[in-house]
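The values are calculated or read from the model by the stated rules, or taken from the named source; none is laboratory data. Since we're looking at a predicted model, the values are computed, not measured. A quick note on method: Cβ atoms are made from the backbone with ideal geometry, for glycine too, and the neighbour counts reach across all protein chains shown.
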Amino acid sequence: MSTEGGTRAILAAGGANLGIAIVKFIAFLISGSSSMLAESVHSLADTGNQGLLLLGGRKSRKSPDASHPFGYGRERYVYAFVVSIVLFSVGGVFSVYEGIQKIGQPHPLEAPWVPIGVLLAAIVLEAFSFRTAIRESNRTRGTDSWVQFIRHSKAPELPVVLLEDFAALVGLVLALLGVGLTVITGNSVFDGIGTLCIGVLLILVALVLGMETKSLLVGEGARPGDLSSIRDAINAHPDVEALIHIKTLYLGPDELLVGAKVAFARSQRLADVATAINSVEAAIREAVPEARLIYIEPDVYVAPSDGSANTESIVIKASD
């Protein structure tokens, strides 16, 4: 569901951004507004970003091979990180440069009604794209706030599209203010200030995206609720004496690796332990479907001699 929802949001954003970029650039050629040029580059960068997200999703579906035995799920994280770089460099830095140039060398707008009309139409189209991203995000957001969703989501596409669309809407309002104040006052410096503000906004959004996707690239474990469900599934099994140690890692947005050291009774035969491990793995997958790769190491639990706890969430069962 997260993949399908992300694809719908990407396609909606990509289609809107491509049409808006073309119209904005035509409006820039007619009016000479630097805000319109900044917004044209912004929309063009966003269109390219949607293509990168789609490409990352396609590459992530490649089957595992000898070079990548755990698959290519993290391709989605790589391309989301590239999107943050493109947004920073192409969108943000260019807009800051253009804004500074316009403030230093202002020139009057021609046919100001053109950029104003284009910006108003673009706000409507961006609002449609933003609404689509919000609707698809609500399918997986649950009770999380929007900040929590962006910070904790393991699928990068929806947070990226949400932040891009939010930045696009705010940028359009800033551009409209810049052009409007230029028309009202006759001072083109306001157009340059609007362009500069757009650039700063894009750089801030790019930094947020970069930090969040960097965390995913480095490797994040299961959410606290999922980790608790995995522990409960292991400890609930009748043959398990204790959960000694557990580690989790997302190999991709929809694929969780689980490694655990589990204590079984000393008297159990190897065949019985193997059967119990298979049963524990099935219980984990039922509790957390994203846990697709599970490695369980059987062991015998020995309590620390000094009484300290150097293991994670050990639950020692009373023997029958």
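Looking at region 88-101, can you tell me whether even one residue there is of a type outside the set (Val, Ile, Thr), assigned by TED's automatic domain parsing to the domain that holds Ile116 and in contact with an Asp or Glu (Cβ under 7 Å, 6 or more places away or on another chain)? Within region 88-101, none of the residues are of a type outside the set (Val, Ile, Thr), assigned by TED's automatic domain parsing to the domain that holds Ile116 and in contact with an Asp or Glu (Cβ under 7 Å, 6 or more places away or on another chain).
From Leu54, Leu109, which residue is more than 26 Å from Phe28 (Cβ to Cβ) and aliphatic (A, V, I, L, M)? Result: Leu54 is the single residue among Leu54, Leu109 that is more than 26 Å from Phe28 (Cβ to Cβ) and aliphatic (A, V, I, L, M). Within region 264-289, the set of residues being farther than 13 Å from Arg231 by Cα and surrounded by 20 or more Cβ atoms within 10 Å (Cβ to Cβ) comprises Phe264, Ala276, Ile277.
The residues of region 64-86 that are of a type in the set (Gly, Ala, Ser) and in contact (Cβ under 8 Å) with a residue 40 or more places away in the chain, listed by number, are Gly71, Gly73, Ala80, Ser84.
Just one of the listed residues (Ile22, Ile10, Ile30, Ile26) is of a type in the set (A, V, I, L, M), modelled with pLDDT of 80 or more and touching a helix residue (DSSP H, G or I) at 6+ places or on another chain (Cβ under 6 Å), namely Ile30.
Out of curiosity, is Leu216 farther than 28 Å from Ser95 by Cα and surrounded by 19 or more Cβ atoms within 10 Å (Cβ to Cβ)? Against the criterion (farther than 28 Å from Ser95 by Cα and surrounded by 19 or more Cβ atoms within 10 Å (Cβ to Cβ)), Leu216 qualifies.
If you check Leu256, Leu204, which single one turns out to be within 26 Å of Ala80 (Cβ to Cβ), among the aliphatic types (A, V, I, L, M) and in the same structural domain as Ala175 (by TED's automatic domain parsing)?
Criteria check complete, one pass: Leu204.
Taking region 235-253 as the range and being assigned to a loop (DSSP other than H, G, I, E, B) and without any contact (Cβ under 8 Å) to a residue 40 or more places away in the chain as the test, only Pro238 passes. Applying the set (1) touching a helix residue (DSSP H, G or I) at 6+ places or on another chain (Cβ under 9 Å); (2) closer than 30 Å to Lys59 by Cβ; (3) of a type outside the set (Lys, Arg) to Leu257 leaves exactly one unmet item: (1). Comparison of Leu207, Leu202, Leu120, Leu169 shows that the only residue that is surrounded by 17 or more Cβ atoms within 10 Å (Cβ to Cβ) and in contact (Cβ under 8 Å) with a residue 12 or more places away in the chain is Leu202.
In region 218-230, the residues that are in the same structural domain as Ile277 (by TED's automatic domain parsing) and closer than 20 Å to Ser279 by Cβ reach residues that are assigned to a helix (DSSP H, G or I) and not polar (S, T, N, Q) with C-beta atoms within less than 6 angstrom, at least six apart or across chains, in these pairs: Ser229/Ala287; Ile230/Ile284.
Among the residues of region 28-82, the one identified as surrounded by fewer than 17 Cβ atoms within 10 Å (Cβ to Cβ) and of a type in the set (Asp, Glu) is Asp65.
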